[in-house]
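Novice: Dumping the structure here so I can ask a few things about it.
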Amino acid sequence: MAITDNGVGMDEETVHRLLRTRSDSRQGVGLFNVDRRLKQMYGNGLQIRSYPDQGTTVSIVVPK
């Protein structure tokens, strides 16, 4: 399953930062949490592809 938008997109560092969180930060916890839970349950997490000025695609691959 994939969700795509045609928004402003993000550079590679911003995408990586979205999937990291620090224990003292409340920002970015949502995507980090979803990614971690998908990895625990299915072995695969979120796949985010984004390019500045071209949009973003977030994919989830769940085994049958």
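Novice: What FRET efficiency would be calculated for the residue pair I60, E13, taking the C-beta separation as r and a Förster radius of 25 Å, to the nearest 0.05? Write out the running numbers ahead of the final one.
Specialist: Working: r = 22 Å, r/R0 = 0.89.
With R0 = 25 Å, the Cβ-Cβ based efficiency is 0.65.
Novice: Next question. Return the distance in nm (one decimal) between the two label points of a simple spin-label model at N44 and M1, each offset 7 Å from Cα along Cα→Cβ.
Specialist: Distance between label points: 1.3 nm.
Novice: Please give the contour-minus-distance gain from N33 to Y51: 0.36 nm per residue of separation, less the Cα-Cα distance, rounded to one decimal in nm.
Specialist: Gain in length upon complete extension: 4.2 nm.
Novice: Considering only protein heavy atoms and a probe of 1.4 Å, how much of the accessible area of the chain is carbon and sulfur, as a whole percent?
Specialist: Working: 2660 of 5200 Å².
Here it works out to 51 percent.
The values are calculated or read from the model by the stated rules, or taken from the named source; none is laboratory data. Quantities reported herein were computed from a predicted structural model and do not represent experimental measurements. Using ideal geometry, Cβ is built from the backbone for each residue, glycine included, and neighbour counts are taken over all protein chains shown. Please note that ligands, DNA and RNA were not included when accessible areas were found on the heavy atoms of the full protein model with its side chains. Shrake-Rupley method; radii C 1.70, N 1.55, O 1.52, S 1.80 Å.
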